[in-house]
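The values are calculated or read from the model by the stated rules, or taken from the named source; none is laboratory data. Since the model is a prediction, treat every value here as computed from it, not as a measurement. Virtual Cβ from ideal backbone geometry, glycine too; neighbours counted across all protein chains shown.
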Amino acid sequence: MERFGLVGLPNAGKSSLYNALTGGGALAAPYPFATKDPNIGVAMVPDERLDRLSVMSKSKKTVHAQVEVVDIGGLVEGASTGEGLGNKFLANIREVDAIVFVLRAFVDDDIVGPSDPIEHLRIVEIELALADLETVEKRLNSTKRASKLDKSLGAEIEALEAAYESLSEGLPLYRAGLKEDIRAELAQHYLLTNRRVLAIVNVGEDDIDSIPEKEALVAAEFNSAGDNVEVIGMCIQMEAEAAAISDPDERKEILEGFGLGEGALFRMVRSAYHLLGLRTYLTTGEQESRAWTFHEGSTAPVCAGRIHGDFQRGFIKAEVIQWDELLELGSWNAAKDVGKMRMEGKDYIAQDGDVMEFRFNV
């Protein structure tokens, strides 16, 4: 299961966000390093398409897609040289597929550190860039030595040199404007800043009206990052309290009462899911409606393999229709009767929101 890690300075709201997403019991305390070892949990990916298909099919069970969430201990200035949790902290980040920065934008006299999200961002980015710089420098030197005997290493050296140039200026790779082939070449080195980022701007309960302003302020800092970064503002404390309410109607009423709509929590999970390059196809029937995760660009047989390996090995055809078209027609059989069901072969590239059934033979 793909995972994203919550990263930020101590007491920025990471553990509270983790608890809200996973229903976990991570300690959220107003002092540094309350989280020393990472907490790992699972978050459901909300999907209205699936819910509506389940109602249409009168399904007995509805199964949403899931992602893993890792609550990583607080980063401090100097982490790249061993301060705070140091190398242990950085190692935990290397093990996640995407990073969620949690940036504090609230004032609390009991919490040490700045309340300016831009200052939080500066510290986090510099520490990650310095850690990557040390890695790149070592790899570049060793690769140059190896290239004397292996002339095929030219592309890797070019990529490492481009990374070294950006990181030397304190610029994370996700906003260095590197070409995709360079970033792809760097993927083998598992660099901390060579991945897409979601930034959460955490405001106080008395400052909800400022969310659009502070969200825009942080987003402006990421102008050079293009599609590699997304920014979402929220009050984590309020979102966490709402998430603890089991009745969905009551939860919705509370969020709407504060002018928060469905809340930012669901939007954040969906954004993190897409940052990981994940997409969803759906299956629906009387027994179950389920969301299946696949990587963008996957073929129909690969998607079939997400259900069972036999489906992929013996793949023959996929019956495909987009979710909204199926809902409009009202049932799988109705879609077949009017010829709206497409038959796709092994080369079909699955699309987000496809509803599929597979024909196979093993």
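The single residue among Ala220, Ala199 that is among the hydrophobic types (A, V, I, L, M, F, W, C), surrounded by fewer than 20 Cβ atoms within 10 Å (Cβ to Cβ) and under 21 Å from the mean Cα position of the chain (by Cα) turns out to be Ala220.
Filtering the stretch 174-220 to residues that are touching a Pro at 6+ places or on another chain (Cβ under 6 Å) and outside any helix (DSSP H, G or I) leaves Thr193, Val201. Can you say whether Gly277 is at positive phi and touching an Asp or Glu at 6+ places or on another chain (Cβ under 6 Å), as far as the supplied structure shows? The answer is yes for Gly277.
May I ask you to verify whether Asp324 is farther than 23 Å from Tyr273 by Cα and either outside the structural domain of Ser57 (by TED's automatic domain parsing) or without any contact (Cβ under 8 Å) to a residue 12 or more places away in the chain (or both)? Here the answer is no, as Asp324 does not meet what is asked.
Before we move on, is Glu262 of a type in the set (Asp, Glu), touching a helix residue (DSSP H, G or I) at 6+ places or on another chain (Cβ under 7 Å), surrounded by fewer than 22 Cβ atoms within 10 Å (Cβ to Cβ) and over 21 Å from Glu344 (Cα atoms)? Judged against the criteria, Glu262 is a match. Remark: pairs (first residue in the stretch 331-358, among the small types (Gly, Ala, Ser); second residue in a loop (DSSP other than H, G, I, E, B); Cβ separation under 9 Å; 6+ apart in sequence or on different chains) = Ala334/Lys340; Ala335/Met341; Ala350/Glu296; Ala350/Gly297; Ala350/Ser298.
Tell me, which helices (runs of 4 or more DSSP H) lie completely within the stretch 249-362 with 3 or more residues that are closer than 20 Å to Gln66 by Cβ? Don't jump to the end; show me each part of the working.
Values: elements: 264-275, 300-305, 309-313, 323-329, 332-337.
Fully inside the stretch 249-362 and qualifying: 264-275, 300-305.
When residues in the stretch 106-149 are screened for being in a helix (DSSP H, G or I) and free of Cβ contacts under 8 Å to residues at least 12 places away in the same chain, 7 of them pass. Filtered by the rule that a residue be over 18 Å from His64 (Cα atoms) and either among the basic types (Lys, Arg) or surrounded by 13 or more Cβ atoms within 10 Å (Cβ to Cβ) (or both), the stretch 239-248 gives Glu239, Ala240, Glu241, Ala242, Ile245.
Take the stretch 214-233 and flag every residue that is farther than 15 Å from Ser115 by Cα and at pLDDT 90 or above. Selection gives Ala216, Ala219, Ala220, Val231, Ile232.
Contact map, the stretch 231-242: first residue among the charged types (D, E, K, R), second residue assigned to a helix (DSSP H, G or I) and crowded, with 20+ Cβ neighbours inside 10 Å, Cβ cut-off under 7 Å, separation 6 or more or different chains; pairs are Glu239/Ala20; Glu239/Ala264; Glu239/Leu265. Just give me the residues in the stretch 159-203 being at positive phi and either at pLDDT 90 or above or not small (Gly, Ala, Ser) (or both), in sequence order. The answer is Tyr190, and nothing else. Testing Lys336 on (1) more than 17 Å from Gly285 (Cβ to Cβ); (2) modelled with pLDDT under 95, one condition comes back false. Which one is that? For Lys336, the exception is condition (1). Is it fair to say Glu241 is outside any loop (DSSP other than H, G, I, E, B), under 21 Å from Lys14 (Cβ atoms), among the charged types (D, E, K, R) and out of contact with any Cys (no Cβ under 8 Å at 6 or more places or on another chain)? Considered against the rule, which asks whether it is outside any loop (DSSP other than H, G, I, E, B), under 21 Å from Lys14 (Cβ atoms), among the charged types (D, E, K, R) and out of contact with any Cys (no Cβ under 8 Å at 6 or more places or on another chain), Glu241 comes out as yes.
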